[in-house]
Amino acid sequence: MTEPRTCRASYSLFRRVASLLIGALPKALVSASVSLVFLLPLATQTVLGDPNYGSVDPVAEVRAVWLNASSIPKTSREIRALVAAYRRANINVIFPEVVCRGYAVYPSRLLARDPRFAGASDILADLIKEAHKRGLEVHAWVWVFRAGYAKDLGAILNAHPDWTEQGADGRDLSPNGGFWISPANSQACEYLASVFRELVTSYDIDGVHLDYVRYEDESKIPFGYSECSKKLFEKQYGIEPPDSTSSPDDIHVYEWRKFRERMVNAFVHRIALQTRSLKPRVKISAAVVPDPILARRKYMQNWLHWIDNKWLDFVVPMAYDSDDEHFGRVIANLKSTVNGKSIIVAGIGSNTLKADNQFIRQVAVSRKTGAHGQALFAAAYLCDVHLEALQAIPYKAPAMLPFRNPRRVAEEILHKAAEQVSKVDLWYADYLTQRARDLISYIGYIESSTGYVRPTPPP
């Protein structure tokens, strides 16, 4: 089919506009969005094609796998085979669970080694070596404030029982079967920071992925009543923490929630400053409760505040859901709420899905609703058949990482969009243009001088 003259002219114009806009960021953010939206319809009057988000090439997106500790191979040969399988599936990020249950899976000078890896080689070093050889990034997945479970208090709290957080009933073990470190304990926070510092300085990791960076779920019983927490709250506010019988409208309940949020916020801020001062290229992300209001009410996790202050490079909402439509609404709402301030990687819970191919559908849904990638939970639920399906359909082509040199990534996406204009594939061009515009908004925010953004009042 002969290419229309108007299409060739628009293609050339599109490429020139794309290069100029990317080079002029962040000053041209508004004009970029407007120009790109109106440029596509000028290309031709051809009707947009039918969307196929499952097989479309997004050019850039995060494709991560949470590699749970029990699935980490214990020999170099097995690690090599696992990484090769991920590479064939065009996975580009691995989150290995390296600090969990109060232990380290690697040989650490500060933290006892996980008994499951006794006698194993330095599997983290082996994993990083093999991953980097094949172009994958390794972001160390670390438990922050959860440190044990019902059968094992964990090495940290066994050594420091006074660091244990408690429920309002005075119990150490939460109703959900977990042992937690108190975020209000300065010694505990100093120790955790030193563990994460060791990770960053001793290993060539590409990122630190924070998990359990919150309080225990308060659905069953209020949490955060260790002696350390209560004394610090009383010192700062001049009153004792409210008990479980207090009205939610009580001003002291509001202050108690704000106090605990502040403990978590301070630690995230500390890790962001520490990590970036040690190795600026190491990215910081967090697995978070997907509903920002629920995250604050039940977990004291104000992750929107972390985004506002640019402490995270990207956020991974754990939107685990067997209902594809509800999953899509969650991601769409998050995209609207975050409003271009961060890269959103949709957490897909493979363990919650009802059909073997449902995670393929949720990859498509996440793209349709504007996520910048997906993180699959977890390696324990992904077999070779799943990886082959990923490579065959949604991950057929490799993808750039949107958080690495986002300016260059945005330009590549826009140039790809320009090519689609020349081919009269306007649906695809429009899709890519929207992704580029989202990334341009992100670049504008992270490069802006916002200063410290105060948290909004707890809901």
Residue check for Trp311: within 14 Å of the chain's Cα centre (by Cα), of a type in the set (Phe, Trp, Tyr) and more than 25 Å from Ala69 (Cβ to Cβ): yes
Inspect all residues belonging to the stretch 365-373 and state whether any of them is in contact with a strand residue (DSSP E or B) (Cβ under 8 Å, 6 or more places away or on another chain), touching a residue at least 40 places away in the same chain (Cβ under 8 Å) and among the hydrophobic types (A, V, I, L, M, F, W, C). yes
Could you tell me whether any residue of the stretch 362-380 is part of a loop (DSSP other than H, G, I, E, B) and either among the acidic types (Asp, Glu) or more than 20 Å from the chain's Cα centre (by Cα) (or both)? no
Is it the case, given these coordinates, that Glu190 is closer than 15 Å to Ile271 by Cα, surrounded by fewer than 17 Cβ atoms within 10 Å (Cβ to Cβ), among the acidic types (Asp, Glu) and assigned by TED's automatic domain parsing to the domain that holds Leu376? yes
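Rundown of residues vs (1) more than 21 Å from Gln301 (Cα to Cα); (2) part of a loop (DSSP other than H, G, I, E, B), yes/no style:
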site: Val142; (1), (2): no, no
site: Ile156; (1), (2): yes, no
site: Asp162; (1), (2): yes, no
site: Ser174; (1), (2): no, yes
site: Phe179; (1), (2): no, no
site: Glu190; (1), (2): no, no
site: Ala193; (1), (2): no, no
site: Ile205; (1), (2): yes, yes
site: Lys231; (1), (2): yes, no
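Residue-wise test of (1) at pLDDT below 95; (2) touching an Asp or Glu at 6+ places or on another chain (Cβ under 6 Å); (3) of a type outside the set (Val, Ile, Thr); (4) under 15 Å from Gly102 (Cβ atoms).
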site	(1), (2), (3), (4)
Gly148	no, no, yes, yes
Gly154	no, no, yes, yes
Gly178	no, no, yes, yes
Asn185	no, no, yes, yes
Phe196	no, no, yes, yes
Leu199	no, no, yes, no
Gly207	no, no, yes, no
Tyr215	no, no, yes, no
Glu218	yes, no, yes, no
Single residue of Gly154, Gly177 found to be more than 19 Å from Glu261 (Cα to Cα) and surrounded by fewer than 14 Cβ atoms within 10 Å (Cβ to Cβ): Gly177
Just a yes or no: is a residue in the stretch 341-355 free of Cβ contacts under 8 Å to residues at least 40 places away in the same chain, assigned to a loop (DSSP other than H, G, I, E, B), hydrophobic (A, V, I, L, M, F, W, C) and surrounded by fewer than 23 Cβ atoms within 10 Å (Cβ to Cβ)? yes
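To keep it simple, each residue is scored yes or no on (1) in contact (Cβ under 8 Å) with a residue 40 or more places away in the chain; (2) farther than 30 Å from Lys220 by Cα.
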{"residue": "Ile79", "(1), (2)": "yes, yes"}
{"residue": "Val99", "(1), (2)": "yes, no"}
{"residue": "Val105", "(1), (2)": "no, yes"}
{"residue": "Ile123", "(1), (2)": "yes, yes"}
{"residue": "Glu137", "(1), (2)": "yes, yes"}
{"residue": "Ala147", "(1), (2)": "yes, no"}
{"residue": "Leu153", "(1), (2)": "yes, no"}
Got a sec? Which of Ser277, Ser322 is over 15 Å from the mean Cα position of the chain (by Cα), surrounded by fewer than 16 Cβ atoms within 10 Å (Cβ to Cβ) and without any contact (Cβ under 8 Å) to a residue 24 or more places away in the chain? Ser277
Of the residues that make up the stretch 32-54, is at least one in contact with a Lys or Arg (Cβ under 8 Å, 6 or more places away or on another chain), modelled with pLDDT under 50 and of a type in the set (Val, Ile, Thr)? yes
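This table checks each residue for (1) assigned to a loop (DSSP other than H, G, I, E, B); (2) in contact with a strand residue (DSSP E or B) (Cβ under 8 Å, 6 or more places away or on another chain); (3) of a type outside the set (D, E, K, R).
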{"site": "Ala287", "(1), (2), (3)": "no, yes, yes"}
{"site": "Ala295", "(1), (2), (3)": "no, yes, yes"}
{"site": "Lys298", "(1), (2), (3)": "no, no, no"}
{"site": "Ile307", "(1), (2), (3)": "no, yes, yes"}
{"site": "Lys310", "(1), (2), (3)": "yes, no, no"}
{"site": "Val315", "(1), (2), (3)": "no, yes, yes"}
{"site": "Tyr320", "(1), (2), (3)": "yes, yes, yes"}
Look at the stretch 77-134 and say how many of its residues are in a loop (DSSP other than H, G, I, E, B) and of a type in the set (D, E, K, R). 5
Between Glu261, Glu255, which is acidic (Asp, Glu), outside any loop (DSSP other than H, G, I, E, B), under 18 Å from Trp143 (Cα atoms) and more than 18 Å from the chain's Cα centre (by Cα)? Glu261
Quick one: in the stretch 400-426, which of the residues that are among the polar types (S, T, N, Q) and part of a helix (DSSP H, G or I) is modelled with the lowest pLDDT? Ser422
Could you please let me know if Ala397 is in a loop (DSSP other than H, G, I, E, B), touching a residue at least 40 places away in the same chain (Cβ under 8 Å) and surrounded by fewer than 21 Cβ atoms within 10 Å (Cβ to Cβ)? yes
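The values are calculated or read from the model by the stated rules, or taken from the named source; none is laboratory data. Note that the coordinates shown come from a computational prediction; the quantities given were computed from them, not determined experimentally. Counting neighbours? That spans all protein chains shown, and the Cβs are built from the backbone with ideal geometry, glycine included.
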